[in-house]
Every structure is written in structure tokens, then in C-alpha cells.
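Worksheet: one structure, shown below.
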Amino acid sequence: MGLLGLLSGRHPVRKILALNVMGTGIFLFLVAGAARSGLEAPDPVPHAMVLTGIVVAVSATALGLALAGRIHQSRADTDAAAPTEESDHGPD
């Protein structure tokens, strides 16, 4: 689902969300792999990796959203500053 959104999405925010969905699937796979049957204690290493991965994913998402917002803002400023046919008459 995340891979499909990443490949077919054109909007940067949708691509960032698709990456988050893929990362969440990987985190669930690691936690499920750490679970053991019976009374054995689960392996703490995958849980620590997932916790670290969540922190990194949140940071990367914040950075990606900030960059996407900045790109959108710069494109909007560029589009607004571009001369139109009506204003291309020269000095008055």
C-alpha cells in the first residue's frame, strides 16, 4: 500500500505519508519477529531498533514536510512574480 502510494502519488505530502506507511509495516514486522511463545521474555534488541526507528521516522517526516512546504511556498512566490500578458506593456 505504501509502495503503491509512493510510486503513483504526485503530491509530495502523499509520498511522505506513503513512506510512513511503509516504515510502519517494517516496524510491525520487527516487533512481531521479536515475540516469542511461552513464558520467554521477548528479545529487547528489535524493540530498541523499532523505538529508534520511530524517532528517526518522525524526524525525517518533519524535515520532509518542512521542505515540501518550503518548495510549495517558493513555487507560489515564483508563479506570483512571473509577468502576465496584461502587465507586459512596458513602463508607463
- prompt: Name the pairs whose Cβ atoms lie under 9 Å apart, with the first residue in the stretch 7-34 and without any contact (Cβ under 8 Å) to a residue 60 or more places away in the chain, the second part of a loop (DSSP other than H, G, I, E, B) and surrounded by 12 or more Cβ atoms within 10 Å (Cβ to Cβ), and 6 or more positions between them or separate chains?
  reply: Lys15/Gly9; Leu17/Gly9; Ala18/Gly9; Val31/Pro42; Gly33/Asp43; Ala34/Pro42; Ala34/Asp43
- prompt: Is the stretch 17-32 home to any residue that is touching a Leu at 6+ places or on another chain (Cβ under 6 Å) and part of a helix (DSSP H, G or I)?
  reply: yes
task: Run down Leu51, Leu65, Leu30 and say which single residue is within 24 Å of the chain's Cα centre (by Cα) and farther than 19 Å from Gly2 by Cα.
output: Leu51
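Can you find a residue that is under 15 Å from Asn20 (Cβ atoms) and at pLDDT 75 or above anywhere in the stretch 36-51?
First, the residues of the stretch 36-51 that are under 15 Å from Asn20 (Cβ atoms): 50.
When the remaining residues are screened for being at pLDDT 75 or above, the result is 50.
Checking the stretch 36-51: at least one residue is under 15 Å from Asn20 (Cβ atoms) and at pLDDT 75 or above.
The values are calculated or read from the model by the stated rules, or taken from the named source; none is laboratory data. What you see is a predicted model, and the numbers here were worked out from it, not measured in a lab. Glycine also receives a Cβ, built like all others from the backbone with ideal geometry; neighbour counts cover every protein chain displayed.
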